[in-house]
Amino acid sequence: MRISLNWLRELVDIDPDVDTLAHELTMLGLEIEAIEHRGAGLSQVLVGQIKTIEPHPDADKLVVCTTDVGQDHPLQIVCGATNMRVGDKVPTAVDGSTIAGGFKISRRKMRGVESQGMMCAADELGLGSDHSGLLILPPEVPVGADALHLLGLDDTVLEIEITPNRGDWAGMIGVARELAALHQIPLRLPEFTLQEGTRPASELSSVTIEAPELCPRYAGRIITGITIGPSPLWLRQRLLAAGQRPINNVVDVTNLVLLETCHPLHAFDFNKLHENRIVVRTAKQNETLETLDGQTRKLTPDMLVIADARHPVALAGVMGGADSEVGENTTDIFLESAYFHPPSIRATARALGMNTEASQRFQRGADPEMAIWALDRAACLIQRVAGGSVAKGRLDEYPKPFAEKTLNLRYERTDLLLGTSVCPEAQRDILERLAFSVTHSDAKSCTVRIPSWRHDVGQEADLIEDIARVHGYGNIPASLPPIRQTDMIFAPKERPLRNLRNYLSNIGLTEIMCMTFSNPREIENAGLPEDSRQQVTLQNPLSENYSGMRISLVPGLLSTIATNLRRGTSDIALFEAGPVYIPLENQDLANEGYRCAIALSGAPGGKHWSAPARKVDFYDLKGYAEALFDWLGVPWALQSFESPAYHPRASARILLDGKPAGTMGETHPKVLRAFDIEQPVFVLELDVDPLLGESAPPALFTEPPTLPPSLRDLAVIVDKSIPAADLLETVRKAGGNLLSKVSIFDVYTGKQVPEDKKSVALSLVFQAIDRTLTDADTDKRCEKIIAQLRKAHGAELR
Amino acid sequence: MKQKLEEIRASALDTIHAAADLAELEQLRVKFLGRKGVLTDVLRGLAQCPPEDRPAVGKVANEVKQAVADALDARKEAIAASQEAASAAAERLDLSLPGRRPLRGHKHPVMRVAEEISDIFVQLGFQIAAGPDVETEYYNFDSLNTPANHPARDLHDTFFVKPGVVLRTHTSPVQMRVMERTQPPVAVIVPGRVYRVDQDASHSPMFYQIEGLLVDKGISFADLKGLLRLFIQRYFGPTTKTRFRPHYFPFTEPSAEVDISCTVCSGKGCRVCKHSGWLEILGCGMVHPEVFRYANYDSETYTGLAFGLGVERIAMLTHAISSIHYLYENDLRFLEQF
Ligand SMILES: [Zn+2]
């Protein structure tokens, strides 16, 4: 809503300082979006009347005019425009003035002829971009008057955002009323006297309401013999300041009154209404209506229309119809002022995708009691600007009269809820200033009648809010509440999840946050198993890419890698920990479990001068898995499996307690191609949800051995296909209780060993708790290990 | 004999002092102190001394022996030091070369800021609570005094999963879920993802909110002001000013929006604050009696305060991030700055 301060000042005597006013409105709950100083920087532009136009002696494209600006002598002005005639009134920048762009105008010679000022085109006053000719002012403007004022260029416009509860703020009067209440000064409603003709309106037309639930009130007036034409300047300026385009005098008046009262009006060409009458009804099946914007709308039976004897002529409260539009040749009009059921208007506007000035206001609830005042005000203005005769009386069908509501306010409750001590008189006074009328009052409480435009007020708390607003939120004290503890734990997994994220980001992984949307193509591209691709889908997604909710973190990781590669970052170590959304059959909600996924690619360790850069491989990823499970304190195992997601050479299921809990491996080349990734990627995804919440049992201390260990290294040659884990298992068994630790320190394949063999070097640590081991003890145990390796795996000592 | 010992001392100290390297020094040690060394020789002759002189001569002999040993040690130290100095000069490291760093990861700025904000309330005694992203209309709207056709629903641009099921448009449904589980007192803080059909220069269809709810006897708007002012001063610094201005939310009454003095210009007016000197950072209010009715709380006995804030905006203010879209593009060049 754009608030012209020139206009506002007519309704209430406000502070002249714009910043003060903006602050006051803000603190009343009207949020200021922008402040526009119209005509800022312009000065000394007067209304001039062209007296003579003569050719320039030395220039074909220039003329020399004399222009009367109400001073002693007319000004001689050299001008390049061609659209003006003698007698025209134009904005004239006199010597010493400033026009748009900060240009200073002074006397100067143009091709040898003195020019004592400048006649302005619209763009030269900052009014749009029209430079086709001089801005011709309407003939009624007085010569020598301040053209900037007439053009609204001395105005300030506040753009305010209106909260949906306060429909009444979408009108100038509603805003003025708040300021009047704040300053305890009167609201100055425009005064007018309507001159009615002798012919009763009821003889000319009739109104029938067939759907009283959707249209509690419908009023109208008939004005005959009007002349359609452009509106006078003052009216056009009002609309322009409010951001509306002037159309013609009748339509402009209805728009002006809408802006003033917040009550939408509509004017029909009376002679285009079949049988000259109005029927308010719901649309019939398959009915259509061409609306004012030229679109043909398909109507449904739940939509309320204004019809004549035959067809719909307007979409009630949303937009008029093209057929009954007021145009150049209109002479008689039917002026509508109604009150429609807000949810019905909202539904119709939404269904047709139409958001109009009228529908916005009706949706929030216009003022049924304002309908008549607005109707008469508009009729009066139309008569003023378009002439004609207003038929005697109104048509006013009011089948569902507005039910006045009252509310009780307990003064104590105000102070309890606000933490204030506002005395009862002050509380009552604020309400009265906001037009609540007190019907009853005692020491502890009062009863007030709610104004017809305050649809938002339904409970005591609403009254208390109004008191708080006008009392001033800034005047409410601040205190610290006591916060009592309970033993409820609402979200046991949040803290462990945070710990997990902290841990992963501390061991070299960067946390990402992806949009939690996904789509079937992406899921297929990532090679997720076909039997679990069911998504929570959206009925109104923003795009195909965001058609549903994610079921895995992996597509997001892969997309992120692709994005970073495109932008030149190729060394990547990422993780995300967050929810996935698995649909549950016959249930509204999804299973929103937390997962954790890690992805590595390139050489995230970076380059160092001391060694060549090393690209990550599967074992880097496995290292992260080992670290993670070690940190979680959870035993785990890997099981190789086939999956379209992973390269067959490195594809594993993560088992916890023997049950699948995740997957890891090298991303399948086909998946990489689908995501446009041209370097190997290693990915892990784990269902961490069951691991959060319960902390691992505390570690129990074991005494470190005090006697020195005995160390042995040995290398064996075995078939390439034998897993290292099998060798270690055999070694551990054979080593028994004396073998405290075994680790692999080298794996070799190449010329030194036969082709399908590998050499595995093991480092063994022997330790007895109760004695120092002799060489003989250790050797004996070593031999047993070698024998077992030979027996179980055909291992040969290297 | 004494004189002989003194001569040995003098010549030993001279030659030791002149020794050039450790090998020569070792030779000197053998020469003077060795089993066949000069001093041993002399001491062997002690037997020939008159018995009454022996203690005195013995004492001198020991002193000389000690002096020679000390001199050897001192010279050894000196030679080692000069050798180390010489080799250090040759092997001096280029201290300016980069070290080998352990890998460092980075937490996502939205998550980090959300945690910092939650922590302030947790320290005050609030509990973390959570709820589902895929939510019923009942929890997201109806129970929060926003029935179907309520104009406030237009503000939300809701994603629908099916009739009655939406992606939550705010974290407020968790208020109702928490209140259904327990009677007052309630003090919870709810971080989480929320969704709106909105994608432009300043909106992301998914974003992160933090909700707070405090219900007990006697909670007032003054408490709301005090609590949020405390939070703002802890997060943004003690000199940050706050401003509560009336606003509208269907589930609170009275409602307010809270502005802080602009963190960029300290309230003088700049582009970030649209020259107002204020930045809007959260919405809040006193829990609407209708919400309590849905929760089966007695709104005569209990009052409550609630607030909600967008984490992205605060993260952007905190880190001077120019566009919300950086937050969810996951460009590592962006993430590694935090
Ligand atoms: Zn600023």
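Just so you know, all these numbers are worked out from the coordinates, no wet-lab data involved. Values in this document were obtained by computation on a predicted structure and should not be read as measured data. Note that we place each Cβ from the backbone using ideal geometry, even for glycine, and neighbour counts take in every protein chain shown.
What the table shows:
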| read-out | value |
| --- | --- |
| A:ASN475 versus B:SER266: modelled label distance in nm, points set 7 Å from Cα along the beta carbon direction | 3.1 |
| Shielding score for B:157-163, defined as the mean number of other chain Cβ atoms within 10 Å | 5 |
| Estimated 222 nm signal from helices in chain B, with DSSP H stretches of n ≥ 4 weighted -39500 (n - 2.57), rounded to 500 | -13000 deg cm²/dmol |
| Of A:PRO200, A:MET172, A:ILE278, farthest towards positive along the dipole that unit charges on Lys, Arg, Asp, Glu beta carbons give the protein assembly as shown | A:MET172 |
| Spatial separation of Cα centroids for region A:384-458 and region B:140-199, in angstrom | 31 |
| Residue-span extension gain [A:LYS61 to A:PHE745] - 0.36 nm each, minus C-alpha spacing | 236.7 nm |
| Hits among lysines - C-alpha to C-alpha of B:LYS36 under 19 Å, sequence gap 8 or more where chains match | B:LYS4, B:LYS65 |
| Virtual spin-label span in nm between A:ASP770 and A:ASP302, 7 Å along Cα→Cβ | 8.6 |
| Whole-Å distance, taken between Cα centres, linking region A:654-699 and region B:18-50 | 75 |
| Of A:LYS272/A:LYS298; A:LYS659/A:LYS757; A:LYS615/A:LYS659; A:LYS751/A:LYS784, pairs whose Cα-Cα distance is over 27 Å | A:LYS659/A:LYS757; A:LYS615/A:LYS659; A:LYS751/A:LYS784 |
| Rounded to the nearest 20 debye, dipole of region A:1-50 from Cβ charges on Lys, Arg, Asp, Glu | 300 |
| Paramagnetic reach from B:LEU33 (point 7 Å along Cα→Cβ, amide N under 14 Å) across region B:60-98 | B:62-78 |
| Hydrodynamic radius by Kirkwood, which averages 1/r over all alpha carbon pairs of region B:109-335, in angstrom | 18.1 |
| Considering only the protein assembly as shown, percent of DSSP beta bridges that pair antiparallel, nearest 5 | 95 |
| Label-point separation in nm, A:ASN499 to B:GLN123, each point 7 Å along Cα→Cβ | 2.1 |
| Two-site FRET efficiency, A:GLU328 against A:ARG199, from Cβ-Cβ distance with R₀ of 25 Å, rounded to 0.05 | 0.50 |
| Sequence-distant residues sharing a close amide H with A:LEU762 (under 5 Å, placed H) | A:LEU714, A:ALA715, A:VAL716, A:PHE745 |
| Long-range tail of P(r) for region A:608-712 (Cα pairs > 22 Å, %) | 49 |
| Net charge over other residues, Cβ less than 15 angstrom from the Cβ of B:ARG100 (K, R count +1; D, E count -1) | +3 |
| Cysteines without a disulfide-compatible partner [chain B; Cβ-Cβ under 4.7 Å] | B:CYS49, B:CYS284 |
| Environment charge at A:HIS23 (Cβ cut-off 13 Å; Lys +1, Arg +1, Asp -1, Glu -1) | -4 |
| For region A:1-33 versus region A:488-554, the gap between their alpha-carbon centres in whole angstrom | 48 |
| Value of Rg/Rh across region B:162-269 [Cα atoms, Kirkwood radius] | 1.00 |
| Rounded FRET efficiency, nearest 0.05, which uses the C-beta distance separating A:ARG567 from A:GLU290 and R0 of 41 Å | 0.20 |
| With eigenvalues of the C-alpha gyration tensor scaled by 5 and rooted, chain A, Å | 81, 37, 29 |
| Label point at A:LEU707 placed 7 Å out along Cα→Cβ; residues across region A:735-756 whose backbone nitrogen lies under 15 Å | A:737-740 |
| For residues of A:570-579, the mean tally of beta carbons on other chains within 10 Å | 3 |
| Pairwise FRET efficiency - B:HIS203 versus A:THR447, Cβ, R0 = 56 Å, nearest 0.05 | 0.80 |
| Chain A: relative contact order as a whole-number percent, Cα under 8 Å and 6+ apart | 8 |
| Test item: Cα-centred dipole of region B:2-91, Lys/Arg +1 and Asp/Glu -1 on Cβ, debye | 540 |
| Rounded to 5, the percent of DSSP beta bridges in chain B classed as antiparallel | 95 |
| Student exercise, the protein assembly as shown dipole from Lys, Arg, Asp, Glu Cβ charges, in Debye to nearest 20 | 3180 |
| Within 10 Å of each Cβ in A:463-473, the average number of Cβ atoms from other chains | 4 |
| Highest average packing first - A:398-407, A:733-742, B:144-153, Cβ atoms within 10 Å | B:144-153, A:733-742, A:398-407 |
| Selection from A:ILE769, A:PRO232, A:PHE517 lying farthest towards where the dipole of the protein assembly as shown points positive, charges on Cβ | A:ILE769 |
| Charge-dipole axis of region B:2-91 as Lys and Arg at +1 and Asp and Glu at -1 on Cβ define it, positive-most pick from B:VAL30, B:LEU46, B:ALA74 | B:LEU46 |
| Cα pair distances in region B:2-91, grouped into 10 Å bins until the bin that holds the longest one, percent each | 17, 43, 23, 11, 4, 1 |
| Computed helical MRE - 222 nm, chain A, DSSP H runs ≥ 4 contributing -39500 (n - 2.57), nearest 500 | -8000 deg cm²/dmol |
| Cβ-based net charge around B:VAL291, under 12 Å, with every Lys or Arg adding one and every Asp or Glu removing one | -3 |
| Cut-off 17 Å (backbone N to label point 7 Å along Cα→Cβ of A:LYS780), residues of region A:738-766 | A:738-740, A:766 |
